[in-house]
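Before any comments, here is the structure.
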Amino acid sequence: MPFPLYTRWAAEYSGARVNYQPLGSGAGVRQVSDGVVDFGATDEPMSDAQLKEARADLVHVPMTIGAVVIAFNVAGVSELRLTPDVIADVFRGTIAKWDDPRLAGANPGVALPAADIAVVHRADGSGTSAAFTAYLAKSSEGWRAEIGAGAMPRFPVGVGVRGNDGVTAYVKATPCSIGYVELAYARQSHLAVAHVRNRAGKWMTPDLDSLDRAARSALGRVPPDLRVSIVDAEDDGAYPIAALSFLVLPRDARERARAEALSRFVWWALHDGQRYAAELDYAPLPPEIVTRAEVVVRGLRAEGRPL
């Protein structure tokens, strides 16, 4: 989830002090579900089962658009093309060498070494993992059958580490490594990022336009509760491993003063706060999604009464 952007929002917002900890989507969802915190953040919408188990009636507010990228560290290689089935087989362990013919076939002229691929993945519950595995489950029959999609998948190979920063540090320090991480973390650490093939067959790396197009492709199917995935978007210019990041909070909070302060912060982030997204490698929300989010925020309550 976009800790760098939420941290910037907390620093720029003057209406209240916002304390946000980067615990991962899984921990954030658990804590808000248990009523331990005022809000949580996740890149994967909660499931119907999770919402049913929560102690409060929770709502989702989309806040920004992020990208999951495939970062790699191979000496002498600055550009790499990866098809979804090759990505799946690398993270399944059925492609174990950098000079595997399937990798080499997509990268003519690139001198890939005859070295083992050092795979790293998340060990904690993660919306980043959810978006990454959702893309692979949609694109690879083998991945779908053996591993599937989710915030905490069971990877058959590789080293598990906690957080986007953990994956970033591992890739940066480990020759011949590969991992998935949010774009902002890869950019901040100057990691090489692979071109990924989207549904239209185009080789893509994320930018503002390709993330915006991924979000806009979902406008016709956004449900009233706003829980929608933008992974593997149909738009031919969309980056395929994109995700909306949501704040999750109670529809009817227990403490009125805290709920009012939180709703003002969320409203500010949906409007004035969007201008900070691009400089931190996230994309601002399309106006149509902001309008839908406004409806949710206006419907928030506390102690049984409207805010």
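The values are calculated or read from the model by the stated rules, or taken from the named source; none is laboratory data. Because the structure is predicted, anything quoted here is derived from the model rather than measured. A quick note on method: Cβ atoms are made from the backbone with ideal geometry, for glycine too, and the neighbour counts reach across all protein chains shown.
Got at least one residue in the range 3-18 being among the small types (G, A, S), surrounded by 18 or more Cβ atoms within 10 Å (Cβ to Cβ) and more than 21 Å from L285 (Cα to Cα)? Checked the range 3-18: no residue is among the small types (G, A, S), surrounded by 18 or more Cβ atoms within 10 Å (Cβ to Cβ) and more than 21 Å from L285 (Cα to Cα). If I ask for residues that are of a type outside the set (F, W, Y), under 30 Å from R305 (Cα atoms) and either buried (at least 22 other Cβ atoms within 10 Å of the Cβ) or modelled with pLDDT under 95 (or both), which ones from the range 225-249 would you list? If the condition is that a residue be of a type outside the set (F, W, Y), under 30 Å from R305 (Cα atoms) and either buried (at least 22 other Cβ atoms within 10 Å of the Cβ) or modelled with pLDDT under 95 (or both), then L244, S245, L247, V248, L249 are the ones that fit.
For the criterion of being hydroxyl-bearing (S, T, Y), touching a residue at least 24 places away in the same chain (Cβ under 8 Å), on the phi < 0 side of the Ramachandran plot and not in a helix (DSSP H, G or I), S78 passes. Within the range 8-42, the residues that satisfy the criterion of being in a helix (DSSP H, G or I) and either touching a strand residue (DSSP E or B) at 6+ places or on another chain (Cβ under 8 Å) or farther than 20 Å from A259 by Cβ (or both) are R8, A11, E12, S25, G26, A27, G28, V29, R30, Q31, V32, S33. Residue count for the range 198-209, restricted to those that are in contact (Cβ under 8 Å) with a residue 60 or more places away in the chain and under 18 Å from the mean Cα position of the chain (by Cα): 3.
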